[in-house]
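Undergrad: Quick one: the structure is below, questions incoming.
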Amino acid sequence: MSDTQPTSAPADEQGGTAPLADLLAQTQAELAELKAKSAELADQFLRAKAEAENARRRAEEDISKARKFAVESFADSLLPVTDSLEAGLTIKDASPEQIREGAEATLRQLTAALERNKVIAINPAPGTRFDPHQHQAISVVPADQEANTVVSVLQKGYTIAERVLRPALVTVTAPK
């Protein structure tokens, strides 16, 4: 034989068969363990994915229901106002005084219903500093007050949960 090629001796002569068999058995055991762990992780992944999909679907349903029934509470609070107006219309021989009292009572009901639903009137007092976020200037008049202050309110504004629904229409003082 040539010097460049190694001679292979039988495995028994080198004493390597037993360690190779042990190494093969250990590797096969590790492989089986890794396959089992991989299958377990794949199962956990599929379960987590299904759980996330179910949570997403439930959230979409909740959002859909919230949109559908968002005004339910508000509408429910307005029903007594409707009942009062209908009852007032059934009275045939009401005096102007009775009509006024009924209208004032109904307005109080409506105001209470709006406030329960966080709809609050913007009604600045004369002399209040003009706030362009809550007020809309309809006219400017000369006055003895400081410039850019409210002189009068032509129409109340309203906010809902601190967001302006409609600005108050106001007259403001002109700059001096």
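Undergrad: Working carefully through the options Ala161, Ala143, find the one that is closer than 28 Å to Ser73 by Cα and modelled with pLDDT under 95. Explain how you work it out, then say what you get.
TA: On the way: Ala143 fails: closer than 28 Å to Ser73 by Cα.
Checking each option against the conditions leaves just Ala161.
Undergrad: Sticking with this one: Restricting to the stretch 123-176, give me the number of residues that are farther than 30 Å from Ala70 by Cα, aliphatic (A, V, I, L, M) and assigned to a loop (DSSP other than H, G, I, E, B).
TA: 4
Undergrad: Next question, about the same structure. Just checking, how many residues over the stretch 109-122 are surrounded by 14 or more Cβ atoms within 10 Å (Cβ to Cβ) and either part of a loop (DSSP other than H, G, I, E, B) or without any contact (Cβ under 8 Å) to a residue 12 or more places away in the chain (or both)?
TA: 2
Undergrad: From the list Ala42, Ala66, pick out the single residue that is at pLDDT 95 or above and part of a helix (DSSP H, G or I).
TA: Matching residue, one of Ala42, Ala66: Ala42.
The values are calculated or read from the model by the stated rules, or taken from the named source; none is laboratory data. The structure displayed is predicted, hence computed values, not measured ones. No Cβ is skipped: glycine too gets one built from the backbone with ideal geometry, and neighbour counts run over all protein chains shown.
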